[in-house]
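The numbers here are math on the coordinates, done by the rules we state, and not lab data. Keep in mind the model is a prediction, meaning the values are calculated, not measured. As a convention, Cβ positions derive from the backbone with ideal geometry for all residues, glycine included, and neighbour counts pool all protein chains shown.
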Amino acid sequence: FQCKTLELQPSYTGAQREILQIYTILGKIDEALIYAKKLYDESNKNNPYTIQGYLLSLIKSKNNKDENKKIISELLIQLKEIGTDISIEMYKRAEISYKAFIDNNYEVLKEIKELSDSYPDNHYILMEMFDIADKFDDFRLMEESNKKLKELALSGRKNLENAVNINNIIFKNKCGNDIKADLSAIKSKIPEEIFKKLEQRIYGKNIKEIF
């Protein structure tokens with residue numbers, strides 16, 4: 001699991017990007033924003049990965065949205081001007097996320113689905129699709145995005161397995177299903193900190209020990 005890599009190599013930006021994704025899945029945007037800003041501040045400002053991580057964390061932050069909008073606009077321009085295939089995809093994804101989490105525009109469900117169809121092997125888009133579908137309570141799209149993510153994991157991309165399992169727990173809980181067995185199964189597979197944050201998302205901040 002990539003978060004264990006981060007514990008051994010704190011400066012390894014690839015591992016930090018992975019922990020940003022996990023924190024976002026778990027709804028821990030404040031933690032994600034701390035990681036993302038630090039990574040952006042300490043990196044090459046033309047690195048689309050660090051721009052995009054910081055950008056999405058700002059978009060999803062519930063605090064100071066008005067204050068953040070100027071930074072978000074600057075980062076969007078910066079990402080678009082890089083002009084590579086990767087940065088353009090990230091720009092499109094960030095625009096969709098902006099419409100979802102700041103404009104609260106339900107129509108983005110169609111847009112993120114179309115973007116996913118254009119980049120079928122891009123797991124970041126699938127994770128974003130799950131997150132947006134979760135926000136708008138689109139159970140069908142949540143299930144579809146995680147199914148496709150699971151297919152990528154089964155095709156050899158084993159680093160996605162825990163993200164798939166976490167998404168599955170979030171989805172089952174949202175559907176009202178019992179997830180205690182799923183939590184027990186994943187507990188030994190992910191870092192304790194991440195497991196606690198998953199519990200917090202499911203049960204709230206003041207939870208009791210249930211294992």
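Go from 0 up to the bin containing the longest alpha carbon distance in the range 40-110, width 10 Å each, and give me the % of pairs per bin. Final binned percentages: 21, 53, 24, 2. If you plug the beta carbon distance of residue 66 and residue 196 into 1/(1 + (r/R0)^6) with R0 = 35 Å, you get a FRET efficiency near 0.65. For the listed residue pairs 28/80; 135/180; 28/197; 45/113; 147/174, the alpha carbons are over 18 angstrom apart in 28/80; 135/180; 45/113. When each of the peptides 97-104, 160-167 is scored by how many other beta carbons lie within 10 Å of its residues on average, the order from highest to lowest is 160-167, 97-104. How big is Rg to Rh over the chain, alpha-carbon atoms, Rh as the Kirkwood inverse-mean-distance radius? Using Cα coordinates only, the ratio equals 0.94. Within straight-line reach of residue 99, meaning a Cα separation under 14 Å, sit the following aspartates and glutamates at least 8 residues removed in sequence or on another chain: 107, 111, 128, 131. The value obtained for the range 81-186, namely the Cα convex hull volume divided by the number of residues, is 108 Å³ per residue.
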